Each structure stands twice: as structure tokens, then as C-alpha cells.
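*Asks:* Quick one: structure below, then a few questions.
The values are calculated or read from the model by the stated rules, or taken from the named source; none is laboratory data. Just so it is clear, the structure is predicted and the values come from calculations on it, not from any experiment. Counting neighbours? That spans all protein chains shown, and the Cβs are built from the backbone with ideal geometry, glycine included. Only protein heavy atoms, including side chains, enter the accessible area calculation; ligands, DNA and RNA are left aside. Shrake-Rupley method; radii C 1.70, N 1.55, O 1.52, S 1.80 Å.
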Amino acid sequence: MFSWLFMLSACDAAGHAPAPSAPPPVAAAAAPEPAPTPAASSISGRLRAHDGSPLRSAAFTLYRNGFMKPVASEALAADGSFRVDVEPGSYVLSVAAVDHAQVVQNLLVNGPVEVEGNLGTYARPQSPEALQVNLQFLGPDHGPLAAESRTLARTPAGTYRLDLASRPKQAVQMRYQLGGGGGRTYNGPLADRYEPDGGGDYWSAVDLAGRDALELDLAALPPAGKPAQLEWRGEPPALRAVRLYRDAWQPRVSALQRSMLREDGNVLDPDATQKASMAALAAEALAEADAAASADERTLLRLAHLDLFVGHDDDADARERADWLLARVDPLDPRLGVFWNIHNLLARVLDTADETFAARAEAWLARSEAHPDPEVALGGLGLLLYRGRDRGLDARVAELYARVREPRFAGTYAAKHLAEQFDPDRTLQRGKPFPDFEFPALAAGAPPVVQADRRGRMYFVDLGDLVRPLRRRNARPPRRLRRHPRPRGRAGRRRPAQARPDRAAADRIRVRLHRSAPRRRPGLPRQALVDAVDARVRRPRRRGRHHGPLRLLGHPHRRPRRRHRHHHRGRRGPPRRTAAAHPRAGARRRDVRRRPRMTSHEA
């Protein structure tokens, strides 16, 4: 719309002079040509089964990098298509499909991104003599009644018979999954319907009416170990090189890591031969990264190499990597959101670094606070917060935590974790009174466990879950918290615990929370040591000193799986053997933190 300007002549109030002749009309200015509309950012695709046929059932979930709630989570259309319009930024796309392996891909979106192709399948033994099956029995209201894990023997016909005679009387439905390699589970061959398990795979659900047993035939499943054949369009060429590099090296690294796992399936314990094999593999992968055509691509492939091998190098190599990182990597590069272990490397080196290196690293981290990806910015803020607290810089900590509370960080895992550690209004803090409590005792007829009965006695409160055995020191944390675990030593192993006479003498209270109970309040740690004199918190348990783990297993953005009653957190299957029953019992106890003996009621 254009405005016309009119010139008004001034008239003499006494003479009433005639109005001047009207000015010639002003020609309307030509409308400027509209600027070309930038391409809207979107993520879309069309996916098929391993053989090109339509998928039986599939769904996708899209997360903004580091955020707890998904941007979108929907079932794929009948033809396997999906589309989501998004804002530019870093995202994580996860696709789960019946009979097929989960796909998880980091994406930097600044325009339309498309994926098309066939999904792959999980690897599994071709003719296993025994088959692990995880079961859940459900009542009429679809609520869980019982959960268990069984090992089925192979019959002469090549099938596996699942006996249902011992099911709960109220059970009307059952859902099951087959155990696979690497801790994964997937749907079975026989089902009335399929239900997502929340972790990237599906349950096979069956109605129990008229069924006393199931005959499971693995030949009805698709062929095992089929690789995915996906074509991505719209990704930057340099990030395409990163994806291909990961796809080439990640399977080899994962296979070697599986051979390093202890029998509990959670802790890496490589021997000298395995360490040498991993070092040789890392050197080979680094040589390929350094052979890239451009300097920019070499930098990105080195960061991808860091993601794959950061937990397996020694201190000297880690310091060399960190020096290269500070000198060559721009902390504001928008592509940093697709890499996982940058802050973990700096945290590890800063533990023993000199003042000169620490100053360089802190300056780099301070610059990264302005990164457009909230996850990267919070990674830098988290490291600076911990370093400020370790040095007693209370004013600096308060200043940094005020930035964590900015609106752009709301809803992220990192902000939630840092609030539990640094929020001045958090529930448990050292030197403040422990809240009053009353827990019903587990033993029938036993009196409730109340705080008043423990006046004058030191006690240790440990919050756990009723649906699993109480966490052990070597237990793998849930996936939603794996970005912020307890400190680890080299190659992902837990650091040995130091002697804690005060904790050993404390009266331990184990509180098991039922699944239907409300979640813990924000800022409430899982463990707290309470003073014997004035019931003040002496030492809340810290979930981790540094922001971020050493990502040695799995993918950082996998959603948490539902665990079964008898499953140890971190894997599916029957309860693991105790250290005493393990063939390497002496070796396993080296870095296991023993819990103090119970001296009173177990709540």
C-alpha cells in the first residue's frame, strides 16, 4: 500500500488568497519485486521393508537435540511416508518398525531433508539352541500383572515352545520380545498385534483365550543382519561424509566393544589384546579421516573419530586431542550439535590440566555459550559450573546458573540435570534439614519407617524402583540420564570408590518407589547422607561431576526402554550372577563399590 503526499498551501488569514494550482500528480513508485522465499525446513521420507515391500507397522519420533519432549511422534502412513515441518536446527530422527532394526540419525536441518529406502534387520544367531524370551502378562485393564524372562530350548522341529500354563489366573493378554545381541530385543514371529515398547522396537501381543502354549518359529521372521539401504537428500556434503564415516566404522567398534563387556553387560573391561586391537582400529580410522580432501571435512571426520574412540585413548592422547580441538574447532560452528563427546574430552583433560590449558579451555567453553544449539551451549555452561563450584566461586556459579535458566534451555535434559545440582531452591542441599518422611515397611506387620525414629542416628536414604532390583554401583543408568552419569575412568570403567567410614556406619534406608507412584520432585537426588545430630544433609549423592558421559555403548538419543521386574537395568534377560558366582570373581571386585550392610528396616 502506498501513501500519497499532499502539499497544503498556507492561506493568509486576512486576504484569503486563492489556492495555488494543484501540483501535478505524483507517479506511483513501482512495487519492489518480492524476495525469493527461502525453502521451508522440513523432514520427510518414505521407508519400506528390507525387501522393498510395505512395512507391517512403523512409527517415527523426532527430537530437537537435547530436549526431553519430542517434536513429533506419529505412525508412518500406509505407504511408509511421513513429513514434519520444523524450525532450522539440530534434530534426532528415530524410526522403529516391526521386524526391522531401529534407525537413529542426527540431522542438521536448514531446508528440506528427505530420506528414502529400505530398513535393515537385526543380526541374530541363525540356529540358536536356546532362545531368550521376555514376557509380560496383562490383566483385563491392560495393566501388568507379572513379568519374567525365560530361556526356551529348541525342539527337534526347529521351533521353540513357550508354555503358558503357569500364567497368572487374571491374565487375558501377553506380550513378548525375543532377546538379541547387544542387549536389543525385538518382536517375535507370532502375534495378534504389535505394540511399541518405547525404546525403538515392538512387542508381539497375543490374546491368551484358548491358548496354553505358543510355537515360535524364527523362520517366519525376515532374514537377519540385512543392512539398511537409505538415501538421504538435503544434508550438507560435509555432514554426509560424517554419516558415511560413522556407518563404516561404528559396526567394527561396537563388535570389539561387545567382546570387552563383562558378563553383567554393562561395564567394559578390555584385556591387553583387546586394548591393542582397539588402538589399531583407532589409528586406521584416524588415517582415513586425515586423508579427506578438504580441511573442513578433515576437521569434521576427526570429531566423528572422537565420538567413536574417546574412551579408549590414554591421557597423553586425550591431551593431544584436546589441544587440537581448542586450536582448530570453532565453538560456534552450528554443526557441533551432531557430535557427542566434545565436552567429555575437555572434562577429562581438565581434571589434571595445568593453568595455561585450563584458561584456554574455559575461554573456548565461554564462547560456546552463544552456540545456537542449546545442547552444545549447556555443555559449556555445565563444565564451567562444576569448575566454579570446585573452586568455591559462589558468585561465578550463581551467574552461570542464571544463564542456564534462560527460556531457550527450558525442557532440555541438561538444564534439568544442572537444576538438580545448582538450583538454590532445590530440595536437598548440604547443611539444610532433610524433609520429614514416613515410608511403609516392606515386611508384613512391620512398623513404618519414619524420620522421628532416627533422631540422633546417621542414616542413608537410597531411592530405587520396585520394578527392578536396587541399583548396583556398576549398573548402567537409564538412557534418559545417560548424558549425565557418574564420573568414569578410562575406557568407560567406574572409578574405584574411596573408603567412606561415615557412610559405612550409617543406617541405610532403601526406599523402593512403585511405578504408579509420583516421580521424584525436581532437584531430589537418589541418595542422601543425613547427619546423626541435627538431621541435616551432609552429602547428597551427585549424579556426575561433568556434563556428559563417555558414549561407549548404544546411541545417546535412544529413549528409555521399559524394564522388566527381574531385569537388571541396562540389559534384558535373567538376573545376572553375583560376583561370587562369576568365574572371574576376584577381578570383578576390583572396582565395584560395596554398599554398607543394612542395619535396620528396609523401606
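*Asks:* Taking the simple approach of a point 7 Å from Cα along Cα-to-Cβ for both residue 207 and residue 224, what is their distance in nm?
*Replies:* So the label points at residue 207 and residue 224 sit 3.2 nm apart.
*Asks:* Go through 340-350, 41-51 and give me the packing order, highest mean Cβ count within 10 Å leading.
*Replies:* Numbers: 340-350: 23.8, 41-51: 18.4.
Top of the packing list down: 340-350, 41-51.
*Asks:* Let me ask another. Could you name the lysines whose alpha carbon sits less than 28 Å from that of residue 416, not counting residues in the same chain fewer than 8 places away?
*Replies:* Once the sequence-local lysines are set aside, what remains near residue 416 is 69, 432.
*Asks:* Let me ask you something else. Would you mind calculating the relative contact order of the stretch 268-384 from Cα pairs under 8 angstrom and at least 6 residues apart, reporting the percent as a whole number? Walk me through the numbers on the way to the answer.
*Replies:* Working: 87 pairs, mean separation 25.4, N = 117.
Contact order relative to length: 22 percent.
*Asks:* At a Cα cut-off below 20 Å, give the aspartates and glutamates reachable from residue 226, other chains included and same-chain residues fewer than 8 away excluded.
*Replies:* The qualifying aspartates and glutamates are 51, 99, 116, 201, 217, 247.
*Asks:* Residues with amide H under 5 Å of residue 193's amide H, sequence separation 5 or more or different chain, H placed in the peptide plane at 1.01 Å from N; which?
*Replies:* Amide H to amide H, under 5 Å and 5 or more residues apart or across chains, residue 193 pairs with 205.
*Asks:* For residue 130 and residue 330, calculate 0.36 nm times their separation in residues minus their Cα-Cα distance, and state this gained length in nm to one decimal. Each step should come with its number before you reach the end.
*Replies:* Values: separation 200, 0.36 × 200 = 72.00 nm, distance 5.20 nm.
Gain on stretching residue 130 to residue 330: 66.8 nm.
*Asks:* Provide 425, 462, 317 ordered by accessible surface of protein heavy atoms (probe 1.4 Å), highest first. Could the numbers behind the result be given before it?
*Replies:* Details: 425 125, 462 5, 317 70 Å².
If we order 425, 462, 317 from most to least accessible, we get 425, 317, 462.
*Asks:* Please give the solvent-accessible surface of residue 215 in Å², to the nearest 10, using a probe radius of 1.4 Å with every protein chain present.
*Replies:* That residue has around 90 Å² of solvent-accessible surface.
*Asks:* To continue, here is another question. At R0 = 35 Å, how high is the FRET efficiency between residue 391 and residue 73 if r is their beta carbon distance? Nearest 0.05 is fine. All intermediate terms of the calculation are to be shown ahead of the outcome.
*Replies:* Details: r = 43 Å, r/R0 = 1.21.
Computed FRET efficiency for residue 391 and residue 73: 0.25.
*Asks:* How high is the relative contact order of the stretch 378-429, in percent, with contacts defined as C-alpha pairs under 8 Å that are six or more residues apart? Walk me through the intermediate numbers first.
*Replies:* Values: 27 pairs, mean separation 18.4, N = 52.
It rounds to 35 percent for the stretch 378-429.
*Asks:* Taking amide H positions as placed in the peptide plane 1.01 Å from N, state which residues far from residue 124 in sequence (5 or more) or on other chains have amide H under 5 Å from it.
*Replies:* Close amide H contacts, sequence-distant or interchain: 225.
*Asks:* Considering only the other residues whose Cβ falls under 10 Å of the Cβ of residue 154, what net charge follows from Lys and Arg at +1 and Asp and Glu at -1? List each step's numbers first, then the result.
*Replies:* On the way: positive: 161; negative: 129.
Once all neighbours under 10 Å are counted, the net charge is 0.
*Asks:* What is the list of residues in the stretch 301-336 whose amide nitrogen lies under 16 Å from a point 7 angstrom out from the Cα of residue 288, following Cα to Cβ?
*Replies:* 301-310
*Asks:* Pop the C-beta distance of residue 116 and residue 271 into the FRET formula with R0 = 41 Å and round what comes out to the nearest 0.05.
*Replies:* Details: r = 44 Å, r/R0 = 1.06.
Result of the calculation: an efficiency of 0.40.
*Asks:* Given axes a ≥ b ≥ c from the Cα gyration tensor, I'd like to know whether the stretch 288-331 is rounded (a/c under 1.5), prolate (a/b larger than b/c) or oblate.
*Replies:* Numbers: a/c = 2.17, a/b = 1.42, b/c = 1.53.
Verdict is oblate for the stretch 288-331.
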